[in-house]
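Below: one structure, written as structure tokens.
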Amino acid sequence: MRSSVGRIVFATVFAAVATSVSAQWPRFTTPDVPRLADGQPNLTAPAPRTPDGKPDLSGIWEIIFGGGGGRGRGAAPAPAPPAPAPDPNVPPVSQFFEVAGRGYPLPLQPWAAELKKKRMADNSKDNPDVWCLPIGLMQYHNHPQPRQIVQTKNLMLITYESNYGLRYIYLDGRPAPNNDPTPWWFGYSRGWWEGDTLVVETTNFRGDERAGWLDVNGSPYTDALKMTERFRRPNVGTLEIDITIDDPKAYTKPFTVRVNQRLMVDSEMIEFICNENEQSTKHIKWECG
């Protein structure tokens with residue numbers, strides 16, 4: 001017996017992407033993006049900076065699949081920045097289905113390895129994405145639908161098109177909560193600058209059976225997770241995020257992965273309300289095969 005939910009998850013993502021690509025929006029030129037002589041965005045120009053001299057991470061960002069271009073919704077895809085030469089010291093590139101990419105041996109605790117095996121055998125039917133719940137920061141980082149960053153001096157907001165997620169990253173120097181706070185789907189994120197790198201530490205995650213999914217295949221995390229992200233914008237068009245997963249309950253040691261995203265220009269976010277007229281769960285069934 002096997003569940004058909006895994007196919008539903010894939011079909012839902014594919015349909016959302018296809019709808020996004022075909023959606024018709026008024027053309028609007030993104031302001032403050034440097035342009036080449038032919039009007040194309042110059043994605044290799046120096047990254048913009050805020051009045052206090054920090055790199056400005058603001059913009060609409062899409063995942064880069066396999067090092068190539070993304071969807072380019074709403075406009076002809078802009079040329080991708082040149083890919084750097086492979087570096088054995090660079091962390092493995094994270095993927096939507098596998099948090100560290102295919103073939104990378106995750107340092108799973110035995111119980112966590114068994115749980116992931118069970119989740120995959122069930123075709124990921126309990127992934128929060130199936131139930132229109134927040135899908136976890138790693139799945140949001142790798143989702144084919146875009147995300148928009150709005151950076152201010154004391155607060156950075158990330159709006160994820162998928163499931164209409166909203167994340168707060170506090171940049172005002174506050175400490176981590178130590179009063180046994182209620183755990184959050186998005187955790188509690190605090191950031192600070194180390195040179196041109198924004199370091200974000202997130203704790204106080206929900207880590208229950210439904211919440212704790214790092215990827216579609218079900219690599220788990222628990223309430224002990226501490227996630228450290230290092231955001232870099234080396235040029236206008238590139239966002240590099242190195243993420244360290246430190247969860248001693250689920251993994252025998254911390255591990256680090258990289259997410260590569262590209263600036264979307266001349267485009268806008270699209271409203272995505274998952275629960276409105278939700279039709280997926282009635283198709284969940286068990287079948288022989």
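Of the residues making up the stretch 249-263, those that are touching a Ser or Thr at 6+ places or on another chain (Cβ under 8 Å) and either surrounded by fewer than 16 Cβ atoms within 10 Å (Cβ to Cβ) or of a type in the set (S, T, Y) (or both) are K249, P254, T256.
Scanning the stretch 143-161 for residues that are buried (at least 17 other Cβ atoms within 10 Å of the Cβ), of a type outside the set (S, T, Y) and either in contact with a Phe, Trp or Tyr (Cβ under 6 Å, 6 or more places away or on another chain) or in a loop (DSSP other than H, G, I, E, B) (or both) yields a count of 6.
When we screen G212, G207 for residues that are touching a residue at least 12 places away in the same chain (Cβ under 8 Å) and in contact with a strand residue (DSSP E or B) (Cβ under 6 Å, 6 or more places away or on another chain), the only hit is G212.
Among the candidates T252, T281, the residue that is of a type in the set (S, T, Y) and at pLDDT 95 or above is uniquely T252. Of all residues in the stretch 156-169, those that are at positive phi and in contact (Cβ under 8 Å) with a residue 24 or more places away in the chain have Cβ atoms under 7 Å from Cβ atoms of residues that are of a type outside the set (D, E) and surrounded by fewer than 21 Cβ atoms within 10 Å (Cβ to Cβ), 6 or more apart or on another chain, in N163/C132; N163/F272; N163/C274; Y164/F272; Y164/I273. May I ask you to list the residues in the stretch 38-58 that are assigned to a loop (DSSP other than H, G, I, E, B) and either among the small types (G, A, S) or without any contact (Cβ under 8 Å) to a residue 12 or more places away in the chain (or both)? Scanning the stretch 38-58 gives D38, G39, A45, A47, P51, G53, S58. Closer than 29 Å to P51 by Cα and either in a helix (DSSP H, G or I) or in contact with a Lys or Arg (Cβ under 9 Å, 6 or more places away or on another chain) (or both): does that describe P175? Yes: the conditions hold for P175. Got a number for residues in the stretch 162-172 being among the aromatic types (F, W, Y) and assigned to a strand (DSSP E or B)? The total comes to 2. Suppose the filter is over 20 Å from A100 (Cα atoms) and among the aliphatic types (A, V, I, L, M); does I243 pass it? Answer is no for this residue. For the stretch 120-142, a residue qualifies if it is of a type in the set (D, E, K, R) and either buried (at least 21 other Cβ atoms within 10 Å of the Cβ) or assigned to a strand (DSSP E or B) (or both), and exactly one does: D129. What tally of residues in the stretch 185-226 results from selecting those that are of a type in the set (F, W, Y) and surrounded by fewer than 18 Cβ atoms within 10 Å (Cβ to Cβ)? The qualifying residues number 3.
Okay, residues lined up against (1) closer than 25 Å to N260 by Cβ; (2) in contact with a Leu (Cβ under 7 Å, 6 or more places away or on another chain):
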{"site": "D126", "(1), (2)": "no, no"}
{"site": "R147", "(1), (2)": "yes, no"}
{"site": "N154", "(1), (2)": "no, yes"}
{"site": "Y160", "(1), (2)": "yes, no"}
{"site": "G173", "(1), (2)": "no, no"}
{"site": "P183", "(1), (2)": "no, no"}
{"site": "F186", "(1), (2)": "yes, yes"}
{"site": "D196", "(1), (2)": "yes, no"}
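Taken over the stretch 236-248, the criterion of being surrounded by 16 or more Cβ atoms within 10 Å (Cβ to Cβ) and over 15 Å from the mean Cα position of the chain (by Cα) is satisfied by V236, G237, D246, D247.
Take the conditions (1) under 21 Å from G59 (Cα atoms); (2) in a helix (DSSP H, G or I); E114 misses just one of them, which is (1). In the stretch 162-178, the qualifying residues are those that are in contact with a strand residue (DSSP E or B) (Cβ under 6 Å, 6 or more places away or on another chain) and surrounded by 15 or more Cβ atoms within 10 Å (Cβ to Cβ), and the one that is nearest to T244 (Cα to Cα) is I169.
Against the criterion of being surrounded by 12 or more Cβ atoms within 10 Å (Cβ to Cβ) and either among the β-branched types (V, I, T) or assigned to a loop (DSSP other than H, G, I, E, B) (or both), P181 does not qualify.
The values are calculated or read from the model by the stated rules, or taken from the named source; none is laboratory data. Everything numeric here is computed off the predicted structure, so don't read it as measured data. Quick reminder, even Gly has a Cβ in these numbers, built from the backbone with ideal geometry, and neighbours come from all protein chains shown.
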